[in-house]
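S.K.: Below you will find the structure I want to go over with you.
The values are calculated or read from the model by the stated rules, or taken from the named source; none is laboratory data. Being a predicted model, the structure only gives us computed values, none of them experimental. For neighbour counting, all protein chains shown are included, and Cβ atoms are generated from backbone atoms with ideal geometry for every residue, glycine included.
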Amino acid sequence: MTDTLAAPLPPTVARAASSAPLDVSIKQEARKATLRAVGSSLLTFGLTIVAVVVLWVGALWVFNVSPYVGKGPVDVWNYLFALPASDANRAQMFSQLWVTLGHSAVGFFAGLVVALLVAMIFQLSRGAEHALMPLAMLLRSVPLVAMAPVIILIFGRDFASVAVIGGIVVLFPALVNIVFGLKSAPPQMNDLVSVYGGSSWTTLRKVALPSALPSLLAAVRISVPGAITGALLAEWLAVGGGIGGAVGGYIAAAQFSALWTAVVFVTATALILYNLVQLLEAVVLARMGMADRA
């Protein structure tokens, strides 16, 4: 009886078989990292809501604010759900909120796009960075209330002013984060592209932008509340409408329940959008193996 030897596997089949467990392990780790990121983001969001409510109630109690002026969570709930006019109150608040969100979107995209383009120019030209960065810092340091008359005079009381005011609020924090991210690429990778004849534009596309993904996502996250703040300022100072334009009327008419409800709406919206972007950021970075750079 002769022994039969098994035929060796082809090299490609052997390599595929050996790499299969590694691929499964990588996918499992990515899935676990994603679940951890989601759980951490949801826990942070829940704790933030609790902290905000505790600070709200605690501030009213510590400073002994008159119940006529200071409204708590129960007063806001009653204004929205327990009064005869609650249906009208909710409709009014949501309609004003949608206007503010529309203005926020204009400022968000205007500021973020300009920040990304300027950061890319800085990466390609150090001279441009030295020339334009002081201008960006000037826009950040001058109060918008002082610049608002000039902005309104130039752009009018229209969406252009919303884009400029909201964009200024968003621009500087996003610009600083993106510039930092573009400069965080390993020098060895930049040198490798240069050795193979790549231009500065190729280095930007192939190395700097992928390396800047965590900073870019962080810029998007911090730009969300900034865009809402810019929209409120634009509504209050320039175009009117929305929650920013209605707050002055609530104060003048002593409608403090409506005033506090508007503040709650804006705060809750900012927290929800911020945490949604944070959740997206955590999931994307976890899937790409960059969670340690978040």
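S.K.: Counting only residues that are buried (at least 19 other Cβ atoms within 10 Å of the Cβ), give me the helices (runs of 4 or more DSSP H) lying completely in region 176-245 with at least 2 of them. Explain how you work it out, then say what you get.
M.R.: On the way: elements: 187-195, 200-203, 213-234.
Here the list reads 213-234.
S.K.: Just a yes or no: is a residue in region 41-57 over 21 Å from VAL284 (Cβ atoms), more than 27 Å from the chain's Cα centre (by Cα), of a type in the set (Phe, Trp, Tyr) and at pLDDT 75 or above?
M.R.: no
S.K.: I'd like to know if region 63-70 contains one or more residues that are of a type outside the set (Asp, Glu), surrounded by 14 or more Cβ atoms within 10 Å (Cβ to Cβ) and not in a helix (DSSP H, G or I). Step through it out loud before you land on a result.
M.R.: Here is the first cut: in region 63-70, the ones of a type outside the set (Asp, Glu) are 63-70.
Right, trim to surrounded by 14 or more Cβ atoms within 10 Å (Cβ to Cβ) and you get 70.
Filter again for not in a helix (DSSP H, G or I), leaving 70.
Yes, region 63-70 contains at least one residue that is of a type outside the set (Asp, Glu), surrounded by 14 or more Cβ atoms within 10 Å (Cβ to Cβ) and not in a helix (DSSP H, G or I).
S.K.: OK, next. Looking at region 246-258, which of its residues are in contact (Cβ under 8 Å) with a residue 24 or more places away in the chain and either under 22 Å from ILE151 (Cβ atoms) or of a type in the set (A, V, I, L, M) (or both)? Let's see the steps before the verdict.
M.R.: Quick first cut of region 246-258, residues in contact (Cβ under 8 Å) with a residue 24 or more places away in the chain only: 246, 256-258.
Across region 246-258, the qualifying residues are ALA246, ALA258.
S.K.: Would a scan of region 126-147 turn up a residue that is surrounded by 15 or more Cβ atoms within 10 Å (Cβ to Cβ), at pLDDT below 90 and more than 25 Å from ARG221 (Cβ to Cβ)?
M.R.: Among the residues of region 126-147, at least one is surrounded by 15 or more Cβ atoms within 10 Å (Cβ to Cβ), at pLDDT below 90 and more than 25 Å from ARG221 (Cβ to Cβ), which makes the answer yes.
S.K.: Restricting attention to region 87-95, does a residue exist that is part of a helix (DSSP H, G or I), among the charged types (D, E, K, R) and modelled with pLDDT of 85 or more? Spell out how you get there, then give the answer.
M.R.: Residues of region 87-95 part of a helix (DSSP H, G or I): 87-95.
Pick out the ones that are also among the charged types (D, E, K, R) and you get 87, 90.
Restricting the remaining residues to those that are modelled with pLDDT of 85 or more gives 87, 90.
There is at least one residue in region 87-95 that is part of a helix (DSSP H, G or I), among the charged types (D, E, K, R) and modelled with pLDDT of 85 or more.
S.K.: Is it fair to say LEU276 is under 20 Å from ALA174 (Cβ atoms) and exposed (fewer than 15 other Cβ atoms within 10 Å of the Cβ)?
M.R.: Values: under 20 Å from ALA174 (Cβ atoms): yes; exposed (fewer than 15 other Cβ atoms within 10 Å of the Cβ): yes.
Judged against the criteria, LEU276 is a match.
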